[in-house]
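Every number in this text was worked out from the coordinates using simple rules, so none of it is lab data. Given the structure is predicted, the values throughout are model-derived calculations rather than measurements. Counting neighbours? That spans all protein chains shown, and the Cβs are built from the backbone with ideal geometry, glycine included.
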Amino acid sequence: MHLLETLLAALAALSACYWGVAAWVALRTRRGSSAVTSARPPVSLLVPVAGAEGGLRENLRAALAALGPDDELLVGAALPRDPALDVARAALGHDPRAAVVPGAVGEGTNRKVLALEALERRARHDVLVQIDSDVRLDRAALDALVLPLVDTPATRLSTALYRIEHAGGPGARLEAATVHGEFALNVVVARALAGELRFALGAANALRREALAGLGGYRALAEHLADDHELGRRVAAHGGRVALAPCVVPIVHTSRLGETVARLRRWARTYRACSPWGYLGTAFTHHGVAAALALAVVSRTPWALGVLLGVLAVRITAAAAGHALVEARFGVREALAIPVRDLLGTALFALAWTGSTVHWRGREFVVERDGRLRPVAPLHATHIAREAGAEP
């Protein structure tokens, strides 16, 4: 028992140290001014869509309103009869700066990337900005995304932190706790340790067309699940700078609890498959709440209860710093969600080691060591219809 208690106490202490450092780094992080000091180049704003999700119409109308006079907005889906395309046509109307691109031109397991490839072929401008369909963009955020490309010639990719807006319901609150209270902190700690970012985030990215071409274009990412992360990794590997944009983009969508847990499980297995040693290392940093709780249950002593309370205090303080970093509200409800999220994360950590299969848009894939997706079964008409959000 003594050895077990020592091990649990050590894990709790290491985790508390990590989150203490994360809070310090987040509080010291300054994104800098987002004001554009010179005329930015025109951009091609690319928005891949899949399914008529809630909030899609409003998000596309916001993207259209964010455009400058010389910008363009291209919205497309991998499947030509995706119902999201009808929503896009209604949202964009007859604005000459916007176009809907139905259907991809190639094959691949990641249909978002296939849609991006088709959009990039239609793009007129040298600067490409890609955002997820659940991003509620505005002009200031669009300008701030492009700013690092203009200010620093060595910058080849600009990526943005994001926050979950209107986080109502347990699923959305759980996702907000993950994004604000963990993911944002991990990003700034990784940048502090490496000196610069070596990956991109998923919601919003800006890059020059020549940088994308030098990596093999979007086609080179068509088999990867974590395509945004892989895009940033390749840019950094080729000597390009990946910058954190001086803005936070809001994400507006709905997510049921089961959907959120399934998404977190997919992320965990992807991380474990692509970087097993790195993922194993999170056992010493991200599972302090579970270790401290287990210690309190096993030991049943006042000092063990003190360890649990101390770990919770540090962890919630770090989460508050993460929420401040992405300009998100942090109150009692958000604080209470953090230990629940951490305990779920420990369970998902254990499950991630039980296999490499993930479920994504109605299909089952195996995640290879390099992050590529291998379908477990051939693509049938039912799968295609499910991905498009319609019956076959």
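Using unit Cβ charges (K, R positive; D, E negative) and no other charged atoms, how large, in debye to the nearest 20, is the dipole of the stretch 147-257 about its Cα centre?
Approximately 140 debye in magnitude.
Counting only C-alpha contacts under 8 Å and six or more residues apart, can you give the relative contact order of the stretch 43-256 as a whole percent?
Dividing the mean separation by the residue count of the stretch 43-256 yields 27 percent.
Determine, for each peptide in 265-278, 297-310, the mean count of other beta carbons within 10 angstrom over its residues, then list the peptides with the highest first.
Values: 265-278: 17.9, 297-310: 14.5.
Going from most to least packed, we get 265-278, 297-310.
Identify, among Gly195, Leu8, Ile338, the residue whose Cα sits farthest towards the positive end of the charge dipole of the chain, taking +1 on the Cβ of Lys and Arg and -1 on the Cβ of Asp and Glu, with the dipole about the Cα centre.
Looking along the dipole axis, the top candidate is Leu8.
Put +1 on the Cβ of each Lys and Arg and -1 on the Cβ of each Asp and Glu in the stretch 241-392; which of Leu309, His287, Pro246 then has its Cα farthest toward the positive end of the dipole?
His287
³J(HN,Hα) across the stretch 52-66 via Karplus (A = 6.51, B = -1.76, C = 1.60, θ = phi - 60°), whole Hz, x for Gly/Pro?
The phi angles translate into 7, 6, x, x, 4, 4, 5, 5, 5, 5, 5, 4, 5, 5, 7 Hz.
Ala98's amide H: which non-local residues (gap 5+, or another chain) put their own amide H closer than 5 Å, with H modeled 1.01 Å from N in plane and none for Pro or chain starts?
The list, which skips near neighbours in sequence, is Leu73.
Only four residue types carry charge here, +1 at the Cβ of Lys and Arg and -1 at the Cβ of Asp and Glu. Report the dipole size of the chain about the Cα centre in Debye, rounded to the nearest 20.
Numbers: 44 positive and 36 negative charges, 88 e Å.
Computed charge dipole of the chain: roughly 420 debye.
Going toward the positive end of the dipole of the chain, with +1 on Lys and Arg Cβ and -1 on Asp and Glu Cβ, which of Ala324, Gly355, Tyr218 do you reach last?
About the Cα centre, the residue reaching furthest to the positive side is Gly355.
Mind checking which of Val189, Val376, Val358 has the largest fluctuation in a GNM of the chain, springs on alpha carbons under 10 Å?
Val376
Using the Cα gyration tensor of the stretch 53-169, with a ≥ b ≥ c the square roots of its eigenvalues, what is the shape: rounded (a/c below 1.5), prolate (a/b larger than b/c) or oblate (neither)?
Rounded is the answer for the stretch 53-169, as its axis ratio a/c remains below 1.5.
Can you give the translational diffusion coefficient of the stretch 196-354 in µm²/s, computed by Stokes-Einstein from the Kirkwood radius over Cα pairs at 10 °C and 1.306 mPa s?
D = 86 µm²/s.
Compute a Gaussian network model of the chain, connecting alpha carbons closer than 10 Å, and tell me which residue from His359, His224, His286 fluctuates the most.
His359
When only C-alpha pairs under 8 Å and at least 6 residues apart count, what is the relative contact order of the stretch 1-149, in percent?
Dividing the mean separation by the residue count of the stretch 1-149 yields 32 percent.
For the chain, compute the orientation-averaged projected area of the C-alpha convex hull (one quarter of its surface), in nm².
Its average projected convex-hull area is 19.0 nm².
About the Cα centre of the stretch 43-256, how large is the charge dipole given +1 on each Lys and Arg Cβ and -1 on each Asp and Glu Cβ? Please answer in debye to the nearest 20. Walk me through the numbers before you get to the answer.
Details: 24 positive and 26 negative charges, 28 e Å.
Result for the stretch 43-256 is approximately 140 debye, rounded to the nearest 20.
Just the projected area, averaged over all directions, of the convex hull on the alpha carbon atoms of the stretch 126-285: how many nm²?
With the hull built on Cα positions only, its mean projection is 9.7 nm².
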